[in-house]
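Have a look at the structure below, then the notes.
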Amino acid sequence: MKLAEKKIFDGRIVALAIEEHQLPNGRRAEFEVLHHPGGAAVLPLLDDGRVVLIRQYRSALGGMLLEIPAGRLEPNESPEACVRRELVEEVGYRADQVEKLGEMLPAVGFCDERIHLFVATGLTAVPQALEPDEYIEVLPLPLDEALAMVARGEIPDGKTQLALLLWQKRQAVR
């Protein structure tokens, strides 16, 4: 249970706080917690069964990363609205259907971010609308090839790995 919070930094994307919590055994402890509004990510599926991945420049890594389209939740924005927006912005598609795959907590040791995972079908091409700080290459791949890339360590992004695996599992059950 959180007892107290001291804000250290409040930025456009994240906020950092020192929090005092009471642990289940009654002891008190301080934690550095990075607060994030959460995000949503989407696995776009083309009519021919290929998945659409993106190769995006990620400044925190200093290079390109292969991943699924994703974005930060805007204030009062639903996760589904977020992935629909990101599909247009990052890959240039509008989806007829968006279905929830699951959720993930990417860094529970220090961050409260929650990423909602979706799959999008019935895609229609529309003009891509990249933001000024984005560089993105669109890469359609067969699902088996994308999964093989995960197995070889070529896709280290957790949200992408999980979305691909959840989609594969869902397909096996059908």
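Bear in mind these aren't lab numbers, they're just calculated from the coordinates by the rules spelled out. Only a predicted model underlies this, so the values are computations on that prediction, with no experimental measurement involved. Here the Cβ is made from the backbone with ideal geometry for all residues, glycine too, and neighbour counts use every protein chain on show.
For the reader, a short list of remarks on this structure follows.
- About its Cα centre, the chain has a charge dipole of approximately 480 debye under the convention of +1 per Lys or Arg Cβ and -1 per Asp or Glu Cβ, with nothing else charged.
- A dipole drawn for the chain from +1 and -1 charges on Cβ atoms has a positive end, and of Gly49, Ala163, Met64 the residue lying farthest that way is Ala163.
- Take every pair of alpha-carbon atoms less than 8 Å apart whose residues are at least six positions apart; their mean separation over the length of the chain yields a relative contact order of 22 percent.
- Across the stretch 126-174, Cα-Cα pairs farther apart than 15 Å form 58% of the total.
- Per-residue HN-Hα couplings for the stretch 96-103 [Karplus 6.51, -1.76, 1.60; θ = phi - 60°; Hz; x = Gly/Pro]: 6, 10, 10, 10, 6, 9, x, 9
- Near the amide H of Leu101, within less than 5 Å, lie the amide hydrogens of Leu117, Phe118, Val119, all on another chain or at least 5 residues away, with H placed in the peptide plane.
- Karplus 3J(HN,Hα) series, Hz, for the stretch 63-80 with 6.51 cos²θ - 1.76 cosθ + 1.60 (x for Gly, Pro): x, 8, 9, 8, 7, 8, x, 7, x, 7, 5, 7, x, 6, 9, 6, x, 5
- Residue by residue, the stretch 29-46 carries 3J(HN,Hα) couplings of 8, 9, 9, 8, 10, 9, 8, 9, x, x, x, 9, 9, 9, 9, x, 10, 6 Hz when phi is fed to the Karplus relation 6.51 cos²θ - 1.76 cosθ + 1.60 (θ = phi - 60°); x denotes Gly or Pro.
- Over all other residues within a Cβ to Cβ distance under 14 Å of Arg170, the charged ones net out to +2, with Lys and Arg as +1 and Asp and Glu as -1.
- Seen from Leu87, the other residues with C-beta closer than 12 Å to its C-beta sum to a net charge of -2, counting Lys and Arg as +1 and Asp and Glu as -1.
- Angle in degrees between helix 158-173 and the longest Cα principal axis of the chain, rounded to the nearest 10: 60
- Note on the stretch 85-156: Cα-Cα pairs beyond 14 Å make up 73% of the total pair count.
- Inter-part distance, the stretch 94-154 to the stretch 45-83, computed on C-alpha centroids, equals 4 Å.
- Charge tally in the Cβ shell below 14 Å around Met104, where Lys, Arg are +1 and Asp, Glu are -1, Met104 excluded: -2
- Compactness check for the chain: Cα Rg over 2.2 N^0.38 Å is 1.15.
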